Amino acid sequence: MNVDPATRTARVGAGVRSGRLQAAAAAHGLTGLPGSSPVVSVAGVALGGGLSWFGRKHGWISDGVTAFEIVDAEGNQRHVTAGTDPDMFWALRGAGGNFAIVTALEVALHPAPHLYGGRTLWTAGHAPAVADAFRRITATAPDELTAWLDLLHFPGAPPMVAVDATYLGAEDEARDLLAPLDLLPAPLSDSRKTMSVAELGSITAEPTDPGAGLSRAELLTTLDDDATEALLRNPIAPLLSVQLRHLGGAFTRPSDSPHGPLTEPYALYLFGLPTDPAAAAAVTARQRDLAAALPASGRKPYTFLNPDEDASDAFTPEATARLRTLKRQLDPHNLFRANFPVA
Ligand SMILES: Cc1cc2nc3c(=O)[nH]c(=O)nc-3n(C[C@H](O)[C@H](O)[C@H](O)COP(=O)(O)OP(=O)(O)OC[C@H]3O[C@@H](n4cnc5c(N)ncnc54)[C@H](O)[C@@H]3O)c2cc1C
């Protein structure tokens with residue numbers, strides 16, 4: 001990995017994890033476009049489009065990729081940009097593993113001299129008031145502010161509710177924007193502070209070792225009173241977590257990628273543990289019921305697809321058709337078999 005602060009770019013080898021890029025960028029007051037976990041590879045998340053903490057300000061993670069170094073289906077090493085090969089460049093920015101082996105990427109870095117963020121946590125009894133505050137915050141949030149609502153029920157702990165937030169700016173501005181949280185009953189904990197962009201993974205503190213999990217994602221068209229009531233109507237068990245990520249902002253702008261603009265204002269992520277077949281069935285049923293009760297658009301981010309879903313669940317019919325045509329042209333013998341095939 002090389003970071004060039006003068007041009008605000010980085011060249012990142014395919015195995016580099018997001019947290020390593022963040023640490024290198026932070027040393028220059030810059031940031032990449034990190035997701036919630038520092039252990040996910042920059043290549044893996046960018047090849048699927050990718051939802052970043054800073055997507056409301058800067059768009060899809062793949063929007064920040066300016067070049068791919070690849071080995072194509074004929075074994076040729078190539079440097080692919082929007083100018084040299086617009087079709088391959090477009091396909092790699094969202095349906096990645098289907099078209100080439102990526103050996104490195106060039107990504108844009110963004111100024112981030114100040115970052116404020118953290119998690120504020122309450123017992124689940126406060127969920128209606130916390131959700132109300134979350135909706136008020138997201139209704140007027142500038143693109144520099146990102147807030148996620150979490151319903152959590154970890155084994156051995158009582159059900160809880162949390163708001164995770166990051167603000168690309170000064171602490172006093174962030175505290176003003178997040179003031180509705182300070183009017184709520186005293187939280188169990190509050191980790192909000194001025195932080196380095198290298199510390200982002202501490203906000204959600206997701207597991208860093210591989211483990212079994214059952215996930216389902218949806219994109220929501222609204223979070224109105226009815227949707228909020230449906231979300232909070234019953235305890236989330238047997239799910240461990242229900243996360244609502246506020247989108248909007250730069251996600252809605254044109255994007256030279258298979259996903260294109262993301263117009264749904266919220267992403268929903270439902271997660272549970274398949275500890276045995278009965279538990280797996282219960283988790284899947286709860287995910288299905290919650291998804292059915294909420295205003296889901298039917299489209300899903302590619303990086304949040306689960307094994308029962310298909311690449312076409314992530315893209316419009318037009319984008320799916322273009323991907324299939326390109327797959328036939330660029331990899332006619334289906335050498336590259338991604339987890340979510342396009343053909
Ligand atoms: C804890 C956790 C948090 C997450 N948070 C987010 C988030 O905030 N936002 C988000 O969008 N996603 C998130 N994800 C999903 C994540 O982006 C995807 O699982 C992604 O595919 C992981 O990439 P990887 O390279 O780490 O994994 P891998 O399993 O190594 O790669 C996944 C697939 O990507 C393709 N691929 C990877 N590298 C290459 C390469 N060099 N060349 C060609 N194809 C390649 C392959 O098809 C491969 O099967 C999260 C996942 C986890 C586990």
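The values are calculated or read from the model by the stated rules, or taken from the named source; none is laboratory data. All figures in this text were calculated on a predicted structure; none of them were measured in a lab. Cβ sites come from the backbone with ideal geometry, for glycine too, and all protein chains shown count toward neighbours. Surface areas here come from the heavy atoms of the whole protein model, side chains and all, with no ligands, DNA or RNA. Shrake-Rupley method; radii C 1.70, N 1.55, O 1.52, S 1.80 Å.
Summary of computed values
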item	result
Selection from T146, G97, F336, by position along the positive dipole direction of the chain (Cβ)	F336
Solvent-accessible surface (1.4 angstrom probe) belonging to K57, in square angstrom, nearest 10	80 Å²
Length-normalised contact order for region 116-304 - Cα pairs under 8 Å, 6+ apart - percent	26 percent
Region 116-304 - charge dipole about Cα centre, Lys and Arg +1 at Cβ, Asp and Glu -1, debye rounded to 20	460 debye
Convex hull volume per residue in cubic angstrom - Cα atoms of region 116-304	132 Å³
The chain - convex hull of alpha carbons, volume per residue in Å³	130 Å³
Cα-derived Rg to Rh of region 217-343, Kirkwood definition	1.03
Segment R324-N76, extension gain: residue separation times 0.36 nm, minus the distance between their alpha carbons	87.1 nm
Kirkwood hydrodynamic radius of region 2-111, from inverse mean 1/r over distinct Cα pairs, in Å	13.6 Å
Alpha carbon convex hull of region 183-289, projected area averaged over orientations, nm²	10.2 nm²
Surface per residue (accessible, 1.4 Å probe) for the chain, Å²	42 Å²
Of A292, L239, P210, farthest towards positive along the dipole that unit charges on Lys, Arg, Asp, Glu beta carbons give the chain	P210
For W90, solvent-accessible area (1.4 Å; no DNA, RNA or ligand), Å²	20 Å²
Net dipole in debye of the chain [+1 Lys, Arg Cβ; -1 Asp, Glu Cβ; about Cα centre; nearest 20]	380 debye
Semi-axes of the equivalent ellipsoid for region 173-231, Cα gyration tensor, largest first, Å	24, 24, 12
Relative contact order (%) - region 2-111, alpha-carbon pairs under 8 angstrom, separation at least six	32 percent
Estimated dipole of region 208-288 in Debye, rounded to 20 [Cβ of Lys and Arg +1, of Asp and Glu -1, Cα centre]	140 debye
Fraction of accessible area attributable to carbon and sulfur, the chain (%, probe 1.4 Å)	54 percent
Normalised contact order of the chain, rounded percent, pairs of Cα under 8 Å and 6 or more residues apart	20 percent
Value at 222 nm in deg cm²/dmol, rounded to 500, when DSSP H runs of n ≥ 4 in the chain each add -39,500 (n - 2.57)	-7500 deg cm²/dmol
